[in-house]
1. Out of all the residues in the range 319-331, which are open to solvent by less than 30 Å² (accessible area, probe 1.4 Å) and at pLDDT 90 or above?
2. Taking only the range 31-62 into account, find how many residues are of a type in the set (S, T, N, Q) and closer than 30 Å to Arg77 by Cβ.
3. Within the range 90-104, can you find the residues that are in contact (Cβ under 8 Å) with a residue 40 or more places away in the chain and either assigned to a helix (DSSP H, G or I) or open to solvent by 10 Å² or more (accessible area, probe 1.4 Å) (or both)?
4. Let me spell it out: the conditions are (1) of a type in the set (A, V, I, L, M); (2) open to solvent by less than 30 Å² (accessible area, probe 1.4 Å); (3) assigned to a helix (DSSP H, G or I), and Val272 meets all of them except one. Which number is the exception?
5. When the residues of the range 364-400 are narrowed to those that are aliphatic (A, V, I, L, M) and at pLDDT below 85, which ends up farthest from the chain's Cα centre (by Cα)?
6. Do we find that Phe25 is at pLDDT below 90, open to solvent by less than 30 Å² (accessible area, probe 1.4 Å), closer than 19 Å to Met121 by Cα and touching a Gly at 6+ places or on another chain (Cβ under 8 Å) in this structure?
7. Does the range 38-61 contain at least one residue that is buried (at least 18 other Cβ atoms within 10 Å of the Cβ), assigned to a helix (DSSP H, G or I) and out of contact with any Gly (no Cβ under 9 Å at 6 or more places or on another chain)?
8. So is Ala170 open to solvent by 10 Å² or more (accessible area, probe 1.4 Å) and at negative phi or not?
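The values are calculated or read from the model by the stated rules, or taken from the named source; none is laboratory data. None of these values were measured; they are calculated from a predicted model. Here the Cβ positions follow ideal geometry from the backbone for every residue, glycine too, while neighbour counts run over all protein chains shown. For accessibility, only protein heavy atoms count, side chains too; no ligands or nucleic acids. Shrake-Rupley method; radii C 1.70, N 1.55, O 1.52, S 1.80 Å.
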Amino acid sequence: MAADRASQGYLIYAVLCTGLVASQFFRVSNAVIAPELMAELAIGTETMGVVNGTYFLAFAAMQIPAGMLLDRFGARRMVPALFLLAVAGSALYAAAETGPELIAGRALIGIGCALGLMGPMVVIARWFEAERYARLISLLFTVGGLGALLASTPLAAVSEAIGWRGAFVAMAGVTGVIVVLLFAVVRDAPPGAAPEAARAESAAEMWRGLGEALALPDMRWICAVQFVGYGTMITIVGLWAGPYLNDVHGLAGVDRGNALLALNVVLLGSVVLFSQVERWLGSRKRAVIGGGGASVALLLALALIPGAGLWAALALLALFTVASAFFMLLHAHARAILPDRLIGRGLTVQNLAVMLGVFVLQALTGAIVGAFGAEGAEAPEIAYRAAFGFLALALAAGIAAYTRIADVSPGR
C-alpha cells in the first residue's frame, strides 16, 4: 500500500514538473528573441521591458485569487484550468503585430502560469514528508528549468528555422497536451488523507484566512526579500543578459543562445546545490544571506568594472547565477511557517511579492537601459552597468530585511 502511494506520488510529481517546464519556458523566452522581436515590431528597450514584465505583473495579480481558489478547489482543477489561458496567450503572442498586442498575449500567459510553481508546492507538501520538502521543490525547479533551457539555444534554432511566431504556436500546442496530463494524473492528497483545506469556508472566511497568513511572524520579512531575490536573478538571466551580450559583446543568434543556455544550466545545478548547502551549514538563514551577499558583490563587479572582455563578463554572470540560486530556500522558509489550511494562500501571497518585484525591477531596468540610448538602437555598456548597479542596491536592501527573520532548520 505504501509502495503504491509512493509510486502515485512520484507520477504526480513528474506530471507537475511538465507544467513548470512550460511556465519556465514562457518566463524567460524573450531573452533569446528580444533583439529580433524588437527589430521586427520596431519597439525599444522601454517597451520590451514592459512586455516582458507584464508576464510577472499578470502572474502577480493572480496570486491572491489563485491561492484562495487553490485552497478551495484544489490543484487538480485549478492548475490545468489556468494553463488553458496560457495556451490562448501563446497563440495571441504569436499573432501580435504591435506592442500592446504583445502585452495582451504576455498577460494571458502570465495568468495561465500563475500556479505553475505554487500548485505543485502545495501538492508536494501533502504527498511527501516535511523533511524532504526543500529538496523536492529544489529538484522540481531544476527539472522545470528544462523550460528555460528550451528557451535558449533550442528556441534560437527553432526561431531561425520557422520564426519566433512559429515557435510560440508550437508551444501553445505543447501546453495544451500538458493541460490534459495535469487533469488526468494529479490528485490533491493521498487516498484517505484529505487535506486540511478550507473547502467549506465562505468568501469572508477565505479573506480572513488570507489575513491570518499575512499576520504570521516573519511573513513580512519573507515578502521583503522575495520582492528582490528571484527578481534580480531573472531580470538578468531572463531578460537583459541576452541584449547585454548582443549590444556590448557582439553575440548574436545561436551564439547568444549558447551563452544563455550555459547560464541556465548553471542556475539549475545551483538550485539543487543550495538545498545541500543549507544542510552543510545547519541553517537556512545563513545559506540565504551567504548567497545574497555574494550576488550583490558580483553585481557590483559587473557595474563598476568598465570594458570587461567577453570571457570576464561571462565568468561574472556565471558566478552571479550560482550565488543567486538561494531563492528556492525562501519558498521553503515560507512553507515552514504556514499551517496546512493556509498553505495555498500563504505560498501565493509571498509569491505575489516575488512577481511584483520582477515586474518592478524589469520595468525600472528597462527605463535605465533606455535612458542611455536611442529608441531601437543598441545600448552602450554604461547603460547595462547602471542597471547592474541598481539591482545590486535593491538586492542588498532585501537581504538586509531578511536578516531580521527567525531561522528554521533545514529539515523544515
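1. Phe320, Thr321, Ala323, Ser324, Ala325, Phe326
2. Selection size over the range 31-62: 2.
3. Residues satisfying the conditions are Ser90, Ala91, Tyr93, Ala94, Ala95, Glu97, Thr98, Gly99, Leu102, Ile103.
4. Here Val272 meets the rest and fails (2).
5. Let us first name the residues in the range 364-400 that are aliphatic (A, V, I, L, M), namely 364, 367-369, 371, 374, 377, 379, 382-383, 386-387, 391-397, 399-400.
With the extra rule that they be at pLDDT below 85, the set shrinks to 374, 377, 379.
Values: Ala374: 30, Ala377: 29, Ala379: 26 Å.
That would be Ala374.
6. Criteria not met by Phe25.
7. Within the range 38-61, none of the residues are buried (at least 18 other Cβ atoms within 10 Å of the Cβ), assigned to a helix (DSSP H, G or I) and out of contact with any Gly (no Cβ under 9 Å at 6 or more places or on another chain).
8. Yes.
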